[in-house]
Amino acid sequence: MALAVSTSSTSAISGSSFSRASSNHNELRAPQIGSFHLLDRPHAASIALNVSQRRSSVKPINAEPKRNGSIVPLAATIVAPAEVVEKVDVKVEDYDQLAKDLNGASPLQIVDKALEKFGDDIAIAFSGAEDVALIEYAKLTGRPFRVFSLDTGRLNPETYQFFDAVEKHYDIHIEYMFPDAVEVQALVRNKGLFSFYEDGHQECCRVRKVRPLRRALKGLRAWITGQRKDQSPGTRSEIPVVQVDPVFEGMDGGVGSLVKWNPLANVEGKDVWSFLRAMNVPLNSLHTKGYVSIGCEPCTRPVLPGQHEREGRWWWEDAKAKECGLHKGNLKQEEAGVNGNGLAHANGSADVADLFDTQDLVTLSRPGIENLLKLENRKEPWLVVCYAPWCRFCQAMEDSYVELAEKLAGNGVKVGKFRADGGQKEFATQHLQLESFPTVLFFPRHSSKPIKYPSEKRDVDSLMAFVNALR
Ligand code: SF4
């Protein structure tokens, strides 16, 4: 496949409106998610002219020459006419500082900055869902841009139709990346078509997604993703708007050779949707059937109102494992301590302050929670969090859990906590359904079996709804 090419006009943006310089275009207004002025665009007109010409010279990707005759893979490697390529800024950049500087910037400003800095060496990773917003923002910058996508071979028909609609709408060619046929063949012959339901999605994702992605990224210096903090409180709550990629390498190889831009990091899902509606862009028809986060067909299902979007992905697995490997840098050491081999903090002796200190909450010892497990009839139901004080997700829910305890004090539900790391972890894994921290359990009045809170939403209202549904 071939190069993704942008609009033939340039943009000037002021306040909440995007107005195109071309007299052939009416003023565009986009919903406000921040604002900025496009500056430093001395050659915008010539770029726009050349980009429109470039569309007609697109060739199949496997007909393109290699860069520098190096190991850069053919896929995702497009060489544009020399006059189109913008200058690539290779000076050493402090991306932590840049992330801070851009933290309050709009997605449009961030996308513009990314395209300005990396020119033809950056591409948008398009998943076939609402991250079409990235393509719209790229078009609005007026700069040339590239788009790639991973065709795992297991996508919904609606997603393929959506890809086609996006290509036509933006007059672009998406650079599809495919899994290695020999690897897919070996996996399917050995384990069948649905092995991921039995032994987890990682192996299949590695073959169908991660390795093709790695190949694509080896032809780039930077990529743009649609990750948002609100997509997964468990794994994406701290993603910056730009970072040195913590997992993958770019074309120069080695640590630091790839930069990852997340222009939607600070945007809420509802604001992305307002933007998409306002700009009247094509959408994946699965969204009208209750799908929010969309991946492969066997691993994606619709969510109910009020459910978190990531609950529709790999629903048979623990919430913290819900990264397919494309963004595994989001997984923190804390999870490795629980879900992995347990080496991190294995002795539970990390010298961090304890959590959930309030008189409205009972601190349960091992005998205390063993006793609670044995009781068939309790005077009151209990809500108990199994936690580790060093766990960031436990720390993140401290305020809401303490507030919940205050609200439930004297209202017929006891609220407790049990520190389940270190020497207690094996017991908690066996008897308290612990797979990751925090695990919240409800002990009904007339049953010895606790019910595990299934959601990643740990705000007061969500936890209270869980309690009220079971009390
Ligand atoms: Fe395989 Fe499911 Fe991962 Fe797709 S999402 S690559 S089908 S495990």
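The values are calculated or read from the model by the stated rules, or taken from the named source; none is laboratory data. Nothing here was measured: the structure is a model prediction, and the numbers come from that model. Please note: Cβ atoms are built from the backbone with ideal geometry, for glycine as well, and neighbour counts cover all protein chains shown. The accessibility values were calculated without ligands, DNA or RNA, using every heavy atom of the protein model including side chains. Shrake-Rupley method; radii C 1.70, N 1.55, O 1.52, S 1.80 Å.
Sort out which residues of the range 140-154 are of a type outside the set (Ser, Thr, Tyr) and either over 15 Å from residue 110 (Cα atoms) or open to solvent by 10 Å² or more (accessible area, probe 1.4 Å) (or both), and write them in order of number.
Passing the criteria: 144, 146, 147, 148, 150, 151, 153, 154.
Can you confirm whether residue 207 is out of contact with any Phe, Trp or Tyr (no Cβ under 7 Å at 6 or more places or on another chain), away from the ligand (no atom under 14 Å from the Cβ) and free of Cβ contacts under 8 Å to residues at least 40 places away in the same chain? Write out each step before concluding.
Details: out of contact with any Phe, Trp or Tyr (no Cβ under 7 Å at 6 or more places or on another chain): yes; away from the ligand (no atom under 14 Å from the Cβ): no; free of Cβ contacts under 8 Å to residues at least 40 places away in the same chain: yes.
Spelling it out, it is not the case that residue 207 is out of contact with any Phe, Trp or Tyr (no Cβ under 7 Å at 6 or more places or on another chain), away from the ligand (no atom under 14 Å from the Cβ) and free of Cβ contacts under 8 Å to residues at least 40 places away in the same chain.
State the number of residues belonging to the range 164-204 that are surrounded by fewer than 20 Cβ atoms within 10 Å (Cβ to Cβ), more than 13 Å from the ligand (Cβ to nearest atom) and within 22 Å of residue 134 (Cα to Cα).
Final tally of qualifying residues: 7.
Cβ-Cβ below 7 Å, separation at least six or inter-chain, first residue in the range 239-257 and touching a residue at least 12 places away in the same chain (Cβ under 8 Å) and surrounded by fewer than 19 Cβ atoms within 10 Å (Cβ to Cβ), second part of a loop (DSSP other than H, G, I, E, B) and charged (D, E, K, R): which pairs?
Every condition considered, the pairs that remain are 249/218; 257/249.
Cβ-Cβ distance below 6 Å, separation of 6 or more or different chains: which pairs start in the range 297-312 with a residue that is in the same structural domain as residue 461 (by TED's automatic domain parsing) and end on one that is modelled with pLDDT of 75 or more and within 12 Å of the ligand (Cβ to nearest atom)?
Note: no pairs meet the criteria.
Hey, any hits in the range 284-292 for a residue that's within 16 Å of the ligand (Cβ to nearest atom), at pLDDT below 90 and not assigned by TED's automatic domain parsing to the domain that holds residue 131? Spell out the reasoning first.
Going residue by residue through the range 284-292, those that are within 16 Å of the ligand (Cβ to nearest atom) are 284, 286, 291-292.
Among the residues that remain, those that are also at pLDDT below 90 are: 291-292.
Cutting the leftovers down to not assigned by TED's automatic domain parsing to the domain that holds residue 131 gives us 291-292.
Yes, the conditions are met somewhere in the range 284-292.
Scan the range 259-288 and report the pairs whose first residue is in contact (Cβ under 8 Å) with a residue 60 or more places away in the chain and closer than 15 Å to residue 105 by Cβ and whose second residue is assigned to a helix (DSSP H, G or I) and open to solvent by 30 Å² or more (accessible area, probe 1.4 Å), with Cβ atoms within less than 8 Å and a gap of 6+ or a chain change.
266/229
For the range 424-468, name all the residues that are of a type in the set (Gly, Ala, Ser) and modelled with pLDDT of 90 or more. Before the answer, list the steps.
Keep residues of the range 424-468 that are of a type in the set (Gly, Ala, Ser), which gives 428, 436, 447-448, 455, 462, 465.
Answer for the range 424-468, where residues must be of a type in the set (Gly, Ala, Ser) and modelled with pLDDT of 90 or more: 428, 465.
Given the criteria open to solvent by less than 20 Å² (accessible area, probe 1.4 Å) and in contact (Cβ under 8 Å) with a residue 24 or more places away in the chain, does residue 408 qualify? Reasoning before the result, please.
Values: open to solvent by less than 20 Å² (accessible area, probe 1.4 Å): yes; in contact (Cβ under 8 Å) with a residue 24 or more places away in the chain: yes.
Yes; evaluated as a whole, the condition is true for this residue.
Before we move on, is residue 270 within 26 Å of residue 219 (Cα to Cα) and outside any loop (DSSP other than H, G, I, E, B)? Can you show your working first?
Numbers: within 26 Å of residue 219 (Cα to Cα): no; outside any loop (DSSP other than H, G, I, E, B): yes.
Taking the combined requirement at face value, the residue does not satisfy it.
Quick check: anything in the range 86-109 within 30 Å of residue 301 (Cα to Cα) and at pLDDT 85 or above? Working first, answer last.
We begin by selecting, within the range 86-109, every residue within 30 Å of residue 301 (Cα to Cα); these are 107.
Subsequent filtering for residues that are at pLDDT 85 or above retains 107.
Among the residues of the range 86-109, at least one is within 30 Å of residue 301 (Cα to Cα) and at pLDDT 85 or above, which makes the answer yes.
Can you work out which of the residues in the range 374-397 that are in a helix (DSSP H, G or I) and open to solvent by 50 Å² or more (accessible area, probe 1.4 Å) is farthest from residue 471 (Cα to Cα)? Outline the logic, then answer.
We begin by selecting, within the range 374-397, every residue in a helix (DSSP H, G or I); these are 374, 392-396.
Imposing the further condition that a residue be open to solvent by 50 Å² or more (accessible area, probe 1.4 Å) reduces the set to 374, 392, 395-396.
Numbers: 374: 19, 392: 29, 395: 26, 396: 25 Å.
Top of the filtered list is 392.
How many residues does the range 210-230 contain that are of a type in the set (Phe, Trp, Tyr) and within 16 Å of the ligand (Cβ to nearest atom)?
Step one: filter the range 210-230 for residues of a type in the set (Phe, Trp, Tyr), giving 223.
After this cut, where a residue has to be within 16 Å of the ligand (Cβ to nearest atom) as well, the list is none.
Here the count works out to 0.
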